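As structure tokens, the structure follows; a few thoughts come after it.
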Amino acid sequence: VVDHGQPENSVVTTCAYCGVGCAFKAEVKGDQVVRMVPYKGGEANRGHSCVKGRFAFGYANHKDRVTEPMIRNSIDEPWQQVSWDEAVNFAAKRIKDIQQQYGQDSVGGITSSRCTNEETYLVQKLVRAAFGNNNVDTCARVCHSPTGYGLKTTLGESAGTQTFDSVEKADVVMVIGANPTDAHPVFASRLKKRLREGAQLIVADPRRIDLLNSPHIPGGQHLMLMPGTNVAFINSMAHVIVTEGLAADDFIAERCEEPAFQQWKSFITEQRNSPEAMASVTGIDAETLRAAARDYANAENGAIYYGLGVTEHSQGSTMVMGIANLAMLTGNVGREGVGVNPLRGQNNVQGSCDMGSFPHELPGYRHVADATVRHQFEQAWGVTIQDEPGLRIPNMLDSAVAGTYKGLYCQGEDIAQSDPNTHHVEAALRNLECLIVQDIFLNETAKFAHVFLPGASFLEKDGTFTNAERRISPVRKVMAPLGGKADWEGTIALSKALGYDMDYQHPSEIMDEIAALTPTFSGVSYQRLEEEGSLQWPCNDETPNGTPIMHTDQFVRGKGFFAITEYVATDEKVNKRFPFILTTGRILSQYNVGAQTRRTANVDWHEKDRLEIHPHDAEDRGITEGDTVEVKSRAGQTVLTATITDRVQPGVVYTTFHHPESGANVVTTDNSDWATNCPEYKVTAVQISKVAEV
Ligand code: SF4
């Protein structure tokens, strides 16, 4: 630890890692941030932080930062440093040439949940206005797109229902497919406090998460289900609640669509959805499941928190709807202490989705086929917007492999490392004739790029992030962008080179446009954020002070909708050749693909991705702690170091994906959620074999 002495200045800003959205004071000396101090006035963190956030400034000045724009004619050539003008003109000419040759729809863009609301808004605007198509998608595609679909279908809004404060009123907390201690540490602290006060914990997860290991939290139930069986589990929970007469009948009669509920009730009460029938699928003992269902249903306030262990499945959207069904069934929506709470992985997943980064939706989750909404944007932007949805990320990649998709603008997202089936992704990227990467590091995706635009870290720009509780918080510039432009300025430069002028002097003007065009944001402005610190959307004339709890009197869609959630087994089947299921997760000190955390002073940054194996399976295969193990799937193979632990059950192995050399996504497959194409990262059939002893 370097002692930098007294800081000269401090700036309050928002952490750029996870969806908790902690506020920090960035302390500055000269042109360097020397310390990040958790800010007591931050509504999401109240003066707390985790190890990632405290050290986050480390990567901003890392020697690996690329600060000059670069171009090259082909990916076999060395990079050539050029001015910003030369870089964007080179990119614009290529994009135009591609569109001339292959058609208007042969190019597109990907926004990042690491960037600000204003920046993602501009990228989708560039794609729609300057490229002239709807081929824009966000990295939320590969994490929480099923949340958007599932919650909009059932409740009417693609967002979590609560504020983080709400957990303090919960009596029973069900955590499904999430590991808050590692992935959302500051929220986990608040949750643990409530559990220490006596709230009951139910965890549904294929792996024993740390929350269950705390000696100060007595009696947590662990429903250790098999990966890929979430929907079977949630259906059997609902079956118990209905058949044992534990449903909130008055709430359902008043707040939910009657015909849909009756249809769903007939489905859910079928014997095949009982815990006894589903036990052989989920692996959960029927009586244990019945007890958990009774506890949740009988709670005065039952809250559900879930993560990527819910969404990253072939039935991710079905499971999100199943969770919403369960909350409505028990009346656990619309007040403090309850709700359906997606724990968002990245800092601005919620925001990037809100900002219209989807190929089918304009800002505020309004479909591109809605002529009235489209007309509003067309008037404001002076262009015609296509009325058909564009390509999702997996469609872009497939089309690139097929040779019909040729140009991509990728801002702040490393799809070569983070998307599944690396071989397929690389084949797609190799086929592009213009890949523009805008990032702070020369990441894995940039290996296939023709244009590199230097990105700016969260410390180098103004803007806003929106966290998992829909809280819009300011991001404030602490130091000048090392590459000369913040990301939003880079997008404007590219757009101008393409012939479409965007005239903004500051991100506050972009937010003013967002507010003017998006009803849920109409009460948001930088002035109010300065005065009030943060705002939770919807924030408009009806709810001028923002909305901590949604769906209080009625659901956003009017009546709540019970969706039929038929369990369908994943295609990723175990067999003699691939007898194990690989599932994936995160560790506390690392963040996603690790591009930032691996370049900070986190004490554990060097901790490698390892393969967890149950002792029985390890013994069967002669594997001991520290051995090198080959993991092979239908998509590819990699090599990892073994850790023997009963945190996983027999037949299941587990790893993290923070280091590119570990190659977890070389192994994961193209399987994806039926509704949104969110990849099924959590279920991959693999074989394992020892290749070297420790
Ligand atoms: Fe807070 Fe998440 Fe940042 Fe940790 S990583 S400081 S929990 S926002």
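Since every read-out is calculated from the coordinates, none of them should be taken as a lab result. Since the model is a prediction, treat every value here as computed from it, not as a measurement. Every residue, glycine as well, gets a Cβ built from its backbone with ideal geometry; the counts of neighbours run over all protein chains shown.
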Under 14 Å from the Cβ of residue 561, count the other residues' Cβ atoms, weight Lys and Arg +1, Asp and Glu -1, and hand me the total. +2
Residue 411 neighbourhood, Cβ < 10 Å, K/R = +1, D/E = -1, net charge -3
Which value, in debye to the nearest 20, describes the size of the charge dipole of segment 9-59 about its Cα centre when Lys and Arg Cβ atoms bear +1, Asp and Glu Cβ atoms bear -1, and nothing else is charged? 160
Show the residues, 5+ positions off or on another chain, whose built amide H is closer than 5 Å to the amide H of residue 684. 582
In nm, to one decimal, how far is the modelled label at residue 9 from the one at residue 86, with both set 7 Å along Cα→Cβ? 3.2
Picking from 548, 266, 668, whose Cα lies most toward the positive end of the charge dipole for the chain (charges on Cβ: Lys, Arg +1; Asp, Glu -1)? 668
What are the ³J(HN,Hα) values, in whole Hz, obtained from phi via the Karplus relation 6.51 cos²θ - 1.76 cosθ + 1.60 with θ = phi - 60°, for each residue of segment 332-343 in sequence order, with x given for Gly and Pro? 8, 9, x, 8, 5, x, 10, x, 10, 10, x, 8
Options 357, 286, 383, ranked by Cα towards positive dipole end of the chain, top entry (Cβ charges): 286
Among 39, 514, 403 - extreme Cα towards positive end, dipole of the chain, charges at beta-carbon: 39
For residue 29, give me every one of the lysines with a C-alpha distance below 27 angstrom, ignoring sequence neighbours fewer than eight places off in its own chain. 40, 52, 63, 461, 477, 485
Using just the helices of the chain, give the 222 nm mean residue ellipticity in deg cm²/dmol: DSSP H runs with n ≥ 4 each add -39,500 (n - 2.57), and the total is spread over all residues, rounded to 500. -8500 deg cm²/dmol
Among the lysines, select those whose C-alpha is under 30 Å from the C-alpha of residue 576, and discard any that sit fewer than 8 residues away in the same chain. 608, 632, 682, 690
List the trypsin sites (Lys or Arg not before Pro) within segment 6-113 that DSSP assigns to loop and that have no more than 16 neighbouring Cβ atoms inside 10 Å. 40, 63, 72
Antiparallel DSSP beta bridges within the chain, as percent of all bridges there, nearest 5: 50
Taking segment 598-694, which GluC sites (Glu not before Pro) meet the DSSP loop condition and have no more than 10 other C-beta atoms within 10 Å? 693
Using packing as a proxy for protection, rank 331-344, 500-513 so that the peptide with the highest average count of other Cβ atoms within 10 Å comes first. 331-344, 500-513
Just the number, please: Stokes-Einstein D of segment 468-547 in µm²/s, Kirkwood Rh from C-alpha pairs, 4 °C, 1.567 mPa s. 92
Computed about the Cα centre, the charge dipole of segment 145-342 from +1 Lys/Arg and -1 Asp/Glu charges at the Cβ has a magnitude in debye, to the nearest 20, of 420
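With charges only on Cβ, +1 for K and R and -1 for D and E, what is the dipole size of the chain about its Cα centre, in debye, rounded to 20?
Roughly 780 debye, rounded to the nearest 20.
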Relative to the longest principal axis of the C-alpha atoms of the chain, give the angle of the C-alpha long axis of helix 507-517, reported between 0 and 90° and rounded to the nearest 10°. 60
R0 of 35 Å, Cβ-Cβ distance residue 568-residue 258: FRET efficiency to nearest 0.05: 0.85
Between residue 619 and residue 104, what's the calculated FRET efficiency when r is the beta-carbon distance and R0 is 60 Å? Round to 0.05. 0.50
Helix 145-154 vs. the chain, principal-axis angle (Cα, 0 to 90°, nearest 10): 60
Suppose each label sits 7 Å from its Cα in the direction of the beta carbon; what would the residue 601-residue 553 distance come out to in nanometres? 5.3
Efficiency of FRET between residue 388 and residue 276 - r from beta-carbon atoms, R0 51 angstrom, step 0.05: 0.65
Quick one: go through segment 617-651 and flag any residue whose amide nitrogen is under 18 Å from the point 7 Å out along the Cα-to-Cβ line of residue 661. 626-631, 637-643
For the chain, take the longest principal axis of its alpha carbons; what is the angle in degrees between that and the long axis of helix 487-497, to the nearest 10 within 0 to 90? 50
Mean separation of Cα contacts under 8 Å, 6 or more apart, over the residue count of segment 580-692: relative contact order %: 37
